[in-house]
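Participant: First, the structure itself, so that you have it in front of you.
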Amino acid sequence: MSIVQEIRCSNCSAPISFKPGEMIATCQYCGFTCVIETREPFTLEHSMILNEYTSEQAEGLVRSWMRSGFLKPQDLASSSRIVEKNLVYLPFWVVPVMATSKYRGVLERVAPPVVKQGEINKNYDWLVLARKASPFPTREYDVPLEGKIPYDFRKIQDFAQTLNSEMTRAEAVKTARQQVQAHHRFLAKQEVDRIIEIENEFSMGEAVYLHAPLWFVVYEYKQERYNVILDGATGMVIKGDIPATRFDLF
Ligand SMILES: [Zn+2]
């Protein structure tokens, strides 16, 4: 159950509605963005990526995805029915991270085991989804940042939904730090079997608040429903459920 609350936009005085847990809200009438708790204007960079597809084109892209790839049933495109198509501007934080991790560990796959050390140096524009309970596959989404422009509510299609951030900038930076740490631990684990110690030196840049267009498509195939998420900027399928193919031998 979600109780919608309202504040007045301090720019155009239209009502801005928000739900519990949301931290940053954007006025749908003038694009003014504010921090809900303090009612202060949001002063950091707020960007967006444009959706390039109509609803029909999005459906066409999902259909051509259905026809490609050998893991899908032959009749997937012809026997499926698209039952939902929603364009949602999802909120993200993009956190620049310069990360160095020095690790020392034991390589146990050789006999005798050897101690090995190494260093991981990487720069990221680390993407943090600003919604807490969303099943969106953030790590599989290669956000096309080169197309980013200042947020302009007039460029958002009337039928699109825009979600507010449930995370403050500080929370996003903290989350990015934890995720990069976990990622570097994962990378170190490719080199050694057991980590003895890992030392991280991270330098976090200025986080950018970003709305990116995603199409959430639901299709029906043989009475079952499946989800597809399409990147509204590039037309690529980010993630798509595929019906399990049964191999009937007889
Ligand atoms: Zn307004």
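The values are calculated or read from the model by the stated rules, or taken from the named source; none is laboratory data. Predicted, not measured: the structure shown is a model, and the values here were computed from it. Positions of Cβ are generated from backbone atoms using ideal geometry, with glycine treated the same way; all protein chains shown enter the neighbour counts. Ligands, DNA and RNA are excluded from the accessible area calculation, which covers all protein heavy atoms including side chains. Shrake-Rupley method; radii C 1.70, N 1.55, O 1.52, S 1.80 Å.
Participant: Could you check, for region 18-41, whether at least one of its residues is open to solvent by less than 50 Å² (accessible area, probe 1.4 Å), within 16 Å of the ligand (Cβ to nearest atom) and out of contact with any strand residue (DSSP E or B) (no Cβ under 8 Å at 6 or more places or on another chain)?
Facilitator: For region 18-41, residues open to solvent by less than 50 Å² (accessible area, probe 1.4 Å), within 16 Å of the ligand (Cβ to nearest atom) and out of contact with any strand residue (DSSP E or B) (no Cβ under 8 Å at 6 or more places or on another chain): present.
Participant: Count, please, the residues in region 90-119 that happen to be in a strand (DSSP E or B) and within 30 Å of Val192 (Cβ to Cβ).
Facilitator: The number of residues fulfilling the criteria is 19.
Participant: So, of the residues in region 130-167 that are hydroxyl-bearing (Ser, Thr, Tyr) and over 20 Å from Gly31 (Cβ atoms), which turns out to be surrounded by the fewest Cβ atoms within 10 Å (Cβ to Cβ)?
Facilitator: Ser134
Participant: Identify all residues within region 65-89 that are open to solvent by 50 Å² or more (accessible area, probe 1.4 Å) and not in a loop (DSSP other than H, G, I, E, B); write none if there are none.
Facilitator: Arg67, Ser78, Ser79, Arg81, Glu84, Lys85, Asn86
Participant: Could you list, in sequence order, all residues of region 15-25 that are in a strand (DSSP E or B), in contact (Cβ under 8 Å) with a residue 24 or more places away in the chain and out of contact with any Cys (no Cβ under 8 Å at 6 or more places or on another chain)?
Facilitator: Once the filter is applied, which keeps residues that are in a strand (DSSP E or B), in contact (Cβ under 8 Å) with a residue 24 or more places away in the chain and out of contact with any Cys (no Cβ under 8 Å at 6 or more places or on another chain), region 15-25 yields only Phe18.
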